[in-house]
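Engineer: One structure coming up, written as structure tokens, with questions to follow.
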Amino acid sequence: MEVISKSQKVEVPTAGIIIIGDEILRGQTQDTNTHFLTRQLHSLGVKVKRVSVIPDDIQTIASEVAVFSKEYTFVLTSGGIGPTHDDITYEAVAAAFGEKVQPHPLLVKFIGAYFKTDDLSSPAMKMAHIPESSELYFGEDRSKGVKSRYPIIGVKNVTIFPGVPHLLEKAFSLLGKKLFHRPGTGFKSGTLYVTADEVSIASILNETVSKFPSVAFGSYPKLFHSYYKTKITMESLNSEDVGAAGEGLKVALPKGMVVDYKEDTVTDAWHHLDTLLASSPSLATPFQQAVDVLNQCFDEYSSEEICVCYNGGKDCLVVLHLSYAIMQMRHPNSKLQAVYITEDNAFPQVTEFVHESIVRYDLDCEVLPGPMKSALFTLLEKRPRIKAVIMGTRRSDPYSDTLGSFSHTDPDWPPMMRVNPILQWEYNVVWDFIRGLYLPYCSLYDRGYTSIGSQTNTLPNPLLETKDRLGQVIYLPAHLLKNHDKERKGRISSKH
């Protein structure tokens, strides 16, 4: 749901976007240019008022351009500027302003040299014929001091972009701020994350909207998020108005309903770790114990000799995040090595989350079939330099009674040092750490699974069973388990 307040008094530059192409309307090509342009224009303080997708037809394009050019500050077109029969945007834009196309000397020279032709009627030279009042905009990559070889064409308040996404994006990155940003204008925004659904807070939100007419509010439900249910956005030209609206909404909502959610605590990991420790002193000791073990590991082994064994579980997530943070501090230009050992009948949610983690932490990850023993032999064949494997093992895990922070593998296993930085961590500490940092975690944990194996040996923890308003059985999230020693009660195997 989006709730938009009354118009803001300060004039905001507006834009209309015209996407041209039969292939878009037929569904043969996916339009990514609209998303890119709207996002970029908004960041420059331009309000996109309308997007139109139209066919390769001169009259349709000319009519749309004529209307848009009168209604909006800026008009951006995409597509239809190549050498073929359906590339007619230049002719259509010219017609919109009662002009004709004519060859431009600079374009004739460039295209003639590039395509080895001086024939003005050739398909290549079609791209040199532009509206009579055209302006040529050359981008410049300031980091390299290089001027773009081919310009973007502008006609009055219309800017004509190519339809090929990577060409459009490159051109906009070089010219967007110059062409569309007006100093002194720009949107100020704020965000609140609420643990209640939209229906529950609708009345309060509507009252707040009416009190702050200069602020545009947006409300976006998130049905299955681990940390919030509704995201509220606020936007205005005045940062003070945004701040006042946010505080007003916080006061109006029940206490504790707004959470200080952070969308990314992986980037700049140490800053967020410091913030967590400042707000949660009880984590200081277990955190320092884990960091000391990891620092010792990185002292004794090079980054090429260290690998994190990651399976998407809560404990492995903790050691992955800590290892990544230390890796960024010690070797900021290197990727953290990891291995994901797959198993038969794995939960698809686990597999999906592991692959999301590989991307999120930019891991140099080997994905190998289990069981673990043979997988580690394969790992050493592929990466013979690895000497230490960081594990998410805790003392409550099976067969961990005799382990230390550093334990060699058994004689019949691949020769490695098993590094166990969170061996002494309790169940609640793991969750305090993960949720204190607002880290994404596998969705199964929100469905009552407290210890995850495979689909054949894992069920939701029965201690978390409850019923919803309709009397249906549901399970509370894993972090709400009170009997921490019953963490593995959802495991089917008698060994667990």
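Engineer: So if I take the centroid of the Cα atoms in the range 154-204 and the same for the range 290-358, what is the distance between those two points in Å?
Structural biologist: 36
Engineer: Moving on to the next point. What FRET efficiency would be calculated for the residue pair Ala124, Thr32, taking the C-beta separation as r and a Förster radius of 35 Å, to the nearest 0.05?
Structural biologist: Result of the calculation: an efficiency of 0.85.
Engineer: Another question about this same structure. Pick out, from Asn428, Thr159, Val146, the residue whose Cα sits farthest towards the positive end of the charge dipole of the chain, with +1 on the Cβ of Lys and Arg and -1 on the Cβ of Asp and Glu.
Structural biologist: Asn428
Engineer: Whose amide H sits under 5 Å from the amide H of Met416, counting only residues 5 or more places off or on another chain, with H placed in the peptide plane?
Structural biologist: Thr409
Engineer: If you don't mind, there's one more thing I want to ask. Under unit Cβ charges (Lys, Arg +1; Asp, Glu -1), what dipole magnitude, rounded to 20 debye, does the chain have relative to its Cα centre?
Structural biologist: About 680 debye.
Engineer: Roughly what % antiparallel, to the nearest 5, for the DSSP beta bridges in the chain?
Structural biologist: In the chain, DSSP labels about 55 percent of beta bridges as antiparallel.
Engineer: Tell me the angle of helix 427-436 to the major Cα principal axis of the chain, expressed in degrees between 0 and 90 and rounded to the nearest ten.
Structural biologist: So the helix axis and the longest Cα principal axis differ by about 20 degrees.
Engineer: Further question: To the nearest µm²/s, what D does Stokes-Einstein give for the range 352-404 at 4 °C and 1.567 mPa s, using the Kirkwood radius over alpha carbon pairs as Rh?
Structural biologist: 97
Engineer: Using each residue's phi in the range 279-290, evaluate 6.51 cos²θ - 1.76 cosθ + 1.60 at θ = phi - 60° and report the 3J(HN,Hα) Karplus result to the nearest Hz, with x for Gly and Pro.
Structural biologist: 8, 10, x, 5, 7, 4, 5, x, 4, 5, 4, 5
Engineer: Along its principal axes, what span do the Cα atoms of the range 264-310 show, with the longest given first and each in whole Å?
Structural biologist: Answer, in whole Å and largest first: 35, 24, 19 Å.
Engineer: Kindly write out, for the range 439-453 in residue order, the coupling ³J(HN,Hα) from the Karplus curve 6.51 cos²θ - 1.76 cosθ + 1.60 (θ = phi - 60°), rounded to whole Hz, with x marking Gly and Pro.
Structural biologist: In residue order, the calculated couplings are 6, x, 9, 4, 5, 4, 5, 7, 10, x, 7, 10, 8, 9, x Hz.
Engineer: Scattering from the C-alpha atoms of the chain alone, worked out with Debye: what is log10 I(q)/I(0) at q = 0.06, 0.07, 0.08, 0.14 1/Å?
Structural biologist: So the normalised log intensities work out to -0.44, -0.58, -0.73, -1.24.
Engineer: Tally up the carbon and sulfur contribution to the accessible surface of the chain as a whole percent, 1.4 Å probe, everything protein left in place.
Structural biologist: 51
Engineer: Sort 265-278, 81-94 by the packing proxy (mean of other Cβ within 10 Å over each peptide's residues), most packed first.
Structural biologist: By packing density, highest mean first, the sequence is 81-94, 265-278.
Engineer: Using R₀ = 35 Å, calculate the FRET efficiency as 1/(1 + (r/R₀)^6) where r is the Cβ-Cβ separation of Asp274 and Lys387; round to 0.05.
Structural biologist: 0.70
Engineer: Report the Cα centroid-to-centroid distance between the range 205-249 and the range 87-133 in angstrom, as an integer.
Structural biologist: Between the Cα centres of the range 205-249 and the range 87-133 lies a distance of 49 Å.
Engineer: Extension gain Leu403-Thr233, at 0.36 nm per residue separation less the Cα-Cα distance, in nm?
Structural biologist: Result: 56.3 nm gained on full extension.
Engineer: Sticking with this one: Name the residues whose placed amide hydrogens come within less than 5 Å of the amide hydrogen of Lys262, ignoring near sequence neighbours (fewer than 5 apart) on the same chain.
Structural biologist: It is none; the list stays empty.
Engineer: I've got another one for you. Could you sort the peptides 324-335, 350-361 by per-residue average Cβ neighbour count (10 Å cutoff), highest mean leading?
Structural biologist: 350-361, 324-335
Engineer: Moving to a separate point now. Over the Cα atoms of the range 223-360, Rg to Rh with Kirkwood Rh, two decimal places?
Structural biologist: 1.05
Engineer: Please label the shape of the range 420-477 as rounded, prolate or oblate, based on the square roots a ≥ b ≥ c of the eigenvalues of the alpha-carbon gyration tensor (a/c under 1.5 means rounded; beyond that, a/b larger than b/c means prolate, else oblate).
Structural biologist: The shape class here is prolate.
Engineer: Put a dot 7 Å past each Cα toward the Cβ at Val199 and Ala284; how far apart are the dots in nm?
Structural biologist: 4.6
Engineer: Give me the 1.4 Å probe accessible area per residue for the chain, excluding ligands and nucleic acids, in Å².
Structural biologist: Result: 52 Å² of accessible area for each residue.
Engineer: If you don't mind, there's one more thing I want to ask. Taking a ≥ b ≥ c as the square roots of the Cα gyration tensor eigenvalues, with a/c under 1.5 meaning rounded and otherwise prolate when a/b beats b/c, else oblate, which class fits the range 67-147?
Structural biologist: oblate
Engineer: Helix-only mean residue ellipticity at 222 nm, the chain, DSSP H runs n ≥ 4 weighted -39,500 (n - 2.57), per residue, nearest 500. What is it?
Structural biologist: -11000 deg cm²/dmol
Engineer: Please report, to one decimal in angstroms, the Kirkwood hydrodynamic radius of the range 94-194 built from all distinct Cα-Cα pairs.
Structural biologist: Value: 15.9 Å, from the Cα pair sum.
Engineer: Same structure again: Using alpha carbon centroids, what distance separates the range 13-27 and the range 412-444, in Å?
Structural biologist: 48
Engineer: If you take the beta carbon distance between Gln102 and Lys49 as r and set R0 to 25 Å, what does 1/(1 + (r/R0)^6) give as a FRET efficiency, to the nearest 0.05?
Structural biologist: Between Gln102 and Lys49 the formula returns 0.20.
Engineer: Would you work out which of Thr77, Phe172, Thr275 lies farthest towards the positive end of the dipole of the chain? Charges go on Cβ: Lys and Arg +1, Asp and Glu -1.
Structural biologist: Thr275
Engineer: Would you mind computing, in nm to one decimal, how far apart the modelled labels at Lys335 and Phe377 are, each placed 7 Å from Cα along Cα→Cβ?
Structural biologist: 2.7
Engineer: In whole Å and largest first, what semi-axes does the C-alpha gyration tensor of the range 1-114 yield when each eigenvalue is scaled by 5 and square-rooted?
Structural biologist: 29, 17, 15
Engineer: Starting from the Cα of Ile492, step 7 Å along the direction of its Cβ; do the same at Lys467; then give the gap between the two resulting points in nm.
Structural biologist: Taking the simple label geometry, Ile492 and Lys467 are separated by 2.7 nm.
Engineer: Trypsin sites (Lys or Arg not before Pro) within the range 129-203: which are DSSP loop residues with at most 13 other Cβ atoms inside 10 Å?
Structural biologist: In loop regions of the range 129-203 (DSSP not H, G, I, E or B), the sparsely surrounded trypsin sites (Lys or Arg not before Pro) are Arg142, Lys144, Arg149.
Engineer: I'd like the Karplus ³J(HN,Hα) series for the range 355-363: coefficients 6.51, -1.76, 1.60, θ = phi - 60°, whole numbers in Hz, and an x wherever there's a Gly or Pro.
Structural biologist: My calculation for the range 355-363 gives 5, 5, 5, 4, 6, 4, 9, 6, 7 Hz in order.
Engineer: Which peptide among 205-216, 309-320, 118-129 comes first, and what is the full order, when sorted by highest mean count of other Cβ atoms within 10 Å?
Structural biologist: Output ranking for 205-216, 309-320, 118-129: 309-320, 205-216, 118-129.
Engineer: Taking H as built 1.01 Å from N, whose amide H comes closer than 5 Å to the amide H of Phe74, not counting residues under 5 places away?
Structural biologist: Under 5 Å from the amide H of Phe74: Thr14, Ala15, Gly16.
The values are calculated or read from the model by the stated rules, or taken from the named source; none is laboratory data. The model shown is predicted, which means the values in this text are computed figures rather than measured ones. Quick reminder, even Gly has a Cβ in these numbers, built from the backbone with ideal geometry, and neighbours come from all protein chains shown. Calculation scope for accessible area: heavy atoms of the full protein, side chains included, ligands and nucleic acids excluded. Shrake-Rupley method; radii C 1.70, N 1.55, O 1.52, S 1.80 Å.
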